[in-house]
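Structure first, commentary second.
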Amino acid sequence: RALTAPSSGPNFVLRSFSLDRLLNLKNTFESKFGESPQFYAYAPGRVNLIGEHIDYCGYSVLPMAIEQNILAAVSVNRSGTITLANINPQYRDFTLSCSEEIAIDRENPKWHYYFLCGLKGIQEEFGLARLAGMSCLVDGTIPPSSGLSSSSALVCCAGLVTMEANQKSLSKVALAELCAKCERYIGTEGGGMDQSISFLAERGKAKLIEFKPLRATDVKLPDGAVFVISNCCVEMNKAATSHFNIRVVECRIAAKMLARARGLDSSGLLKLAQVQTELKASLEEMLALVDEVLHPEEYSREEICQALDVTSEQFSTEVLSSNTQHVTHFKLHQRAKHVYGEAARVLRFQCVCSSEGADSIQTLGELMNQSHVSCRDLYECSCPQLDQLVDVCLKSGAVGSRLTGAGWGGCAVSMVPSEKVDTFLQAVRESYFLPDPRRAAMEGLSLFVSKPGGGAAILLEE
């Protein structure tokens with residue numbers, strides 16, 4: 001199959017995860033289920049280098065897969081049940097019948113619901129009235145709620161497991177699109193970046209991910225610098241709060257307001273990129289249009305309904321999502337300014353990487369810094385601890401540092417000259433982690449150099 005790991009022997013395994021980890025998963029599986037796994041599946045997390053909160057607006061992003069991943073051991077059986085277990089004892093086992101309807105509780109997101117998203121997605125894609133029975137043991141090394149896409153990696157891994165267990169086949173692109181769609185079962189209205197890089201990643205390469213149609217282009221990162229990930233140790237589960245979906249809705253409203261101001265039919269326009277395409281305008285022209293049309297003060301529901309000529313009921317059903325019905329005021333100018341500005345930074349980042357100029361590392365760092373300021377001030381998706389961490393990283397020798405992922409907690413990604421990595425790590429450790437006992441205890445998994453990892457794959461037992 002296309003997703004079976006190339007040369008799935010020891011060398012490949014050791015590049016994706018340690019042999020000790022694989023053997024521990026295998027032994028734990030055998031102890032728990034009384035049989036050996038028939039295959040393994042894994043899907044990596046990701047770090048977004050630049051392009052935050054713009055994939056769901058239709059714009060390109062520039063992530064790379066990380067070496068941390070979700071790894072699952074699986075056996076297929078005739079039990080008529082699907083049993084999910086996690087090697088981490090804090091996550092409880094879950095069992096469901098192969099013929100029962102899959103129910104996902106958006107109000108109470110638990111680890112197995114993310115797995116069920118992938119399960120349900122494959123079931124619906126192939127019209128499977130009854131899924132194959134299986135036992136599945138999951139092990140994850142991506143810090144949860146850290147902005148490194150642990151939840152999407154679990155959905156992708158689940159989709160891959162379910163496809164293999166039911167002897168179906170999809171291309172990587174089709175799987176990425178399917179998993180992006182089915183993660184919305186848990187209520188998160190993402191744009192597809194996380195699932196795309198999890199499937200389309202290649203070892204040693206970052207990717208420019210474009211949408212409609214989905215495609216990935218190699219981006220050669222400059223020699224002489226590495227990317228360091230640091231966790232501010234504030235967790236943010238985007239499915240458990242409305243922060244993320246409020247931003248999606250604000251961008252949706254802004255797109256409609258801009259379209260209407262230029263005489264376009266706004267009823268079918270939901271993304272800021274669609275407005276730019278319809279107007280045949282440049283990003284610079286869209287930024288000027290935002291300043292011209294949208295005021296920086298908050299918009300009330302009444303003002304928006306009047307401007308769009310819709311009723312309050314239409315606004316609630318056609319624009320708002322289920323967990324944003326309570327919102328009464330919206331910031332449109334700031335959100336649209338961030339999106340168009342960030343989209344331009346992504347294209348500039350790719351261009352600088354391609355040029356391989358003498359000052360490329362410095363220029364890329366400046367773009368990352370601009371991105372963080374925009375996320376902090378215009379999109380308001382940072383938090384005090386994350387801002388503090390970014391400041392510490394810059395003072396410790398990074399040429400650029402920014403929040404990565406949804407924000408409101410989680411991780412920063414920093415671009416650090418290769419010769420300064422050791423002193424950088426020590427300085428961040430001493431300035432941010434060691435003074436706080438809780439952070440100090442988490443430091444081992446919260447500060448690390450990241451190299452571009454490979455994409456999701458199946459490992460077959462031989």
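Checked against the criteria, Val449 counts as open to solvent by 10 Å² or more (accessible area, probe 1.4 Å), farther than 18 Å from Cys233 by Cβ and β-branched (Val, Ile, Thr). Taken across segment 334-352, residues that are in a helix (DSSP H, G or I), acidic (Asp, Glu) and touching a strand residue (DSSP E or B) at 6+ places or on another chain (Cβ under 7 Å) do not occur at all. Comparison of Ala307, Ala358 shows that the only residue that is more than 23 Å from Leu283 (Cα to Cα) and either modelled with pLDDT under 95 or assigned to a loop (DSSP other than H, G, I, E, B) (or both) is Ala358.
In segment 397-432, what residues are free of Cβ contacts under 8 Å to residues at least 24 places away in the same chain and either under 13 Å from Asn231 (Cα atoms) or touching a Lys or Arg at 6+ places or on another chain (Cβ under 9 Å) (or both)? Hit for segment 397-432 is Arg429, nothing else.
Just one residue in the set Thr241, Thr277 is in a loop (DSSP other than H, G, I, E, B), of a type in the set (S, T, N, Q) and surrounded by fewer than 18 Cβ atoms within 10 Å (Cβ to Cβ); that residue is Thr241. Just one of the listed residues (Gly147, Gly159, Gly140) is of a type in the set (Gly, Ala, Ser), under 14 Å from the mean Cα position of the chain (by Cα) and closer than 24 Å to Phe244 by Cα, and it is Gly147. Restricting attention to segment 180-193, which residues are on the phi > 0 side of the Ramachandran plot and open to solvent by less than 10 Å² (accessible area, probe 1.4 Å)? Listed by number, the list holds a single entry, Gly192.
If you filter segment 7-33 down to residues that are in a loop (DSSP other than H, G, I, E, B) and within 23 Å of Leu84 (Cα to Cα), you find that the one that is modelled with the lowest pLDDT is Phe17.
If you take the residues of segment 280-305 that are farther than 27 Å from Val346 by Cα and touching a helix residue (DSSP H, G or I) at 6+ places or on another chain (Cβ under 7 Å), which of them is most open to solvent (accessible area, probe 1.4 Å)? Here the residue is Arg301.
Counting only strands (runs of 3 or more DSSP E) that sit completely within segment 34-141, those holding 2 or more residues that are free of Cβ contacts under 8 Å to residues at least 24 places away in the same chain and surrounded by fewer than 23 Cβ atoms within 10 Å (Cβ to Cβ) correspond to 94-97. Being open to solvent by less than 40 Å² (accessible area, probe 1.4 Å), in contact (Cβ under 8 Å) with a residue 40 or more places away in the chain and in contact with a Cys (Cβ under 7 Å, 6 or more places away or on another chain) is a description that does not apply to Ala254. Taking segment 356-381 as the range and being open to solvent by 20 Å² or more (accessible area, probe 1.4 Å) and among the polar types (S, T, N, Q) as the test, the residues that pass are Gln362, Thr363, Asn369, Gln370. For segment 306-334, which positions are open to solvent by less than 10 Å² (accessible area, probe 1.4 Å) and either among the charged types (D, E, K, R) or touching a Cys at 6+ places or on another chain (Cβ under 6 Å) (or both)? The answer is Phe315, and nothing else. Taking segment 142-172 as the range and being β-branched (Val, Ile, Thr) and assigned to a helix (DSSP H, G or I) as the test, the residues that pass are Val155, Val161, Thr162. Just so you know, in segment 399-438 the residues that are outside any helix (DSSP H, G or I), among the aliphatic types (A, V, I, L, M) and open to solvent by 10 Å² or more (accessible area, probe 1.4 Å) include one that is farthest from Asn369 (Cα to Cα), and it is Leu434. Inside segment 163-179, residues that are open to solvent by less than 50 Å² (accessible area, probe 1.4 Å) and among the charged types (D, E, K, R) make up a count of 1.
The values are calculated or read from the model by the stated rules, or taken from the named source; none is laboratory data. Just so it is clear, the model here is predicted, and its values are computed rather than measured. All Cβ positions, even for glycine, are placed from backbone atoms using ideal geometry, and neighbour counts span all protein chains on display. Please note that ligands, DNA and RNA were not included when accessible areas were found on the heavy atoms of the full protein model with its side chains. Shrake-Rupley method; radii C 1.70, N 1.55, O 1.52, S 1.80 Å.
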